[in-house]
Amino acid sequence: MSSVLQLLLEGERLDTAQMAQILGLPESEIDAELTRLKAEEILLGWRPVLNPERAQEAVVRAVIEVKISPERDGGFDRLASRIARFDAVESCYLMSGAYDLLVFAVGKDLREVATFVSERLASVEGVLSTATHFMLRAYKEQGHLLLSPLDGEDKPAVSP
Amino acid sequence: MSDNGQHFVADHVAGLPRSGIRDFFAIVAAMPQAISLGIGEPDFVTPWHIREAAIFALEKGKTSYTDNLGLIRLRREISTYVENNFGIGYHPETDVLVAVGVSEALDIALRAVLNPGDKVLYHEPCYVSYSPSIVLAHAQPIAVGTSAEDQFGIDPERVEAAWEPGCKVLMLNFPTNPTGGVTERAKLERLAKFAIEKDLLVISDEIYSELTFEGEHTSIASLPGMRERTIFLHGFSKAYAMTGFRIGYACGPQPLIEAMMKVHQYSMLCAPILSQEAAIEALKNGVPAVTKMKDAYHKRRDLIVRRFNEAGLDCHSPKGSFYAFPSIQSTGLDSMSFCNGLLDQEEVAVVPGTAFGPSGAGFVRASFSTSYERILEATDRIERYMNSIRT
C-alpha cells in the first residue's frame, strides 16, 4: 500500500501540503499519487463520515437481504449492478449464506424506503424475495465510536 | 513550634530539590487552549481487548490480593516474553516480580540493594525520579552526562571516568526518556565488562524498548556474565498504552528478587489484580496493537524532527521512545526562558531539558505522542516563535 494511501486511511483531515510535510515528499508527488489512486479506481471518493445520531437531515436506513436467481452468463453480476444503480442504494454486496445480496438503502422516511423495496427492488425481474431490517440506532460508524465520548479531562497536560 | 509541621519532615526528604518545573506545570494546566507537547504518555487509549480483559476479570469477581510476586500465570507470560524478545531466561517461580509500574520496581530495587552511603552511577538527562529515588534509599547519586554528539547514548569512557570507590549500582534506561537515546551493543558490551570488573549491579529500565525505531534493541542483561548482576525492569505503560493501570515488573537472579519482594511485600503487598489480568491479555495478544502504535510514533517522529530542524532547532533523530529532544542553544535562551516564552507567545508547551537534570540545559523535550494536526500546528508556531527571537 502506498504511503499516501496509508496516511489517508488513518483518517485525519489533511490537505496536500500537510500530507507532503508529514511524509517528507514534494506536493507534486502527493498530487500525482492521488491522481493515480483515482485513475486506478482504488480511491473512489471523499465522503465525510457523519454521525447518524447527530446528522441534521433525518434519514432512515435499512439493510435489505435480497435473494436473486443467478443467470447462465455472469451469475449474479447483471442483476446486482442493476440493483446497485438505484440512488437509494448506498452499498450493495454479494454474500455467502442464506441470501445473495446485502443492500444498504437510505430514504428520508420509512415510507420512502418501503416504497423503494416494494415498488422498485422487489419488482425487478429475477428478485425472488427481500427481507428489510430498519436501523434503529448507531453505535459505531466506520471506525468511529458513538455515544461514548472519551473523557480525557483527567489526563495531565504535562507529565514526566 | 509554628512551622506547621515542617520540622517533622525527614532531612533527606526536605533536602530533595523542589522540581523547578512544577510552577511551569501549573501554568500549562491553567491554559487548556495551549497545545501541549509535554505529555509523557501515549495519546492512544489502552487497546480494547486489554480493557475488556480487565472488565471481564472484574465481572468474574477478581478483586482479591494476589501472590506477593504477582499471579503465576502472569509471571509465566512475562518469562516467555522476556526470553523470546530479549533472550534472557528467568524462572517464573523465583526470578520475576510484578510491581506497581516500573517506578515501584525501580524504588524497591534500589531500597533492596543499597546501604546508606553507597554510590549509584546513572546517566543524565534522565527520567525525573532517578536521582530522588537514589537519595530516598539513602545513597549517593553520581550523574554521567550524555550528549547530543552521541545522540544521547551512553559513552562508556565517561562512566569509567565517573566511577569512584563506593559505587555499587549502575542505572541504565535505553531508549531514554527524555532524549530518545539508545546505546548500541558494542558500547553495552564495554559497559558490561566494566560492571564485571568493578563488581557493579546494573539496574536496567527498558520500558521503551518496544518503541525502538532503528536497529535492534539489546538488553545488557543478555550479555555474557550479566544476568547474575542485572535487574531487568520492564512494564506495560508505554508499548501497550497502559499508564493508568500502573503495572510493571522486575526480573533478576533469585536472591535479588527475593530481597525486592520483602520491600514490596511490606509496602505494596501486590500489584492490583485487575491490572495483572489486563497485563496477561496484553502479553498474549497485544503484538498487533503495539506494532500499529509504534508505526504511528515512527511517522510522527520523522515529521517532528524534520519540522524542528526546518524551524532552526538542531534536533537529532531519536532512535526510540516518543520524545524529541531538540537543542535550543542557537536561540541564546536558557531552557526555562525558551519554554516560558513559547508558552506566552504561542501557547505551545514543551518541557525544559533541565527538568531531567542539569545536563539537559540547552534542550527541551517535545513529546510526539499526539496527532499530525497538533504536531503541524505546534511546529508552525515554534517556527514563528524562533523567527520572533531572531529579529
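Computed from the coordinates by the stated procedures, all read-outs in this text should not be read as laboratory data. Source: prediction; values computed, not measured. Neighbour counts run over all protein chains shown; Cβ positions are idealised from the backbone, glycine included.
What the table below lists for this structure:
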{"quantity": "Relative contact order of segment B:48-286, defined on C-alpha pairs under 8 angstrom at six or more residues apart (%)", "calculated": "30 percent"}
{"quantity": "Relative contact order of segment A:9-160, defined on C-alpha pairs under 8 angstrom at six or more residues apart (%)", "calculated": "24 percent"}
{"quantity": "Tilt relative to chain B, helix B:273-285 - C-alpha long axis, 0 to 90 degrees, to 10", "calculated": "80 degrees"}
{"quantity": "Pair-distance profile P(r), taking every C-alpha pair of segment B:188-258, with 10 angstrom steps and integer %", "calculated": "19, 44, 30, 7"}
{"quantity": "Folded to 0 to 90 degrees: helix B:287-311 orientation relative to chain B principal axis, Cα", "calculated": "30 degrees"}
{"quantity": "Theoretical ellipticity at 222 nm over chain B - DSSP helices of four or more residues, -39500 (n - 2.57) apiece, nearest 500", "calculated": "-13000 deg cm²/dmol"}
{"quantity": "P(r) histogram, all alpha-carbon pairs of the protein assembly as shown included - 10 Å bins from 0, percent", "calculated": "3, 15, 22, 22, 16, 10, 7, 3, 1, 0, 0"}
{"quantity": "Packing-based exposure ordering (other Cβ within 10 Å, fewest first) of B:90, B:266, A:99", "calculated": "B:266, A:99, B:90"}
{"quantity": "Three-way shape label, segment B:48-286, alpha-carbon gyration tensor, a/c 1.5", "calculated": "prolate"}
{"quantity": "Tilt relative to chain B, helix B:335-346 - C-alpha long axis, 0 to 90 degrees, to 10", "calculated": "60 degrees"}
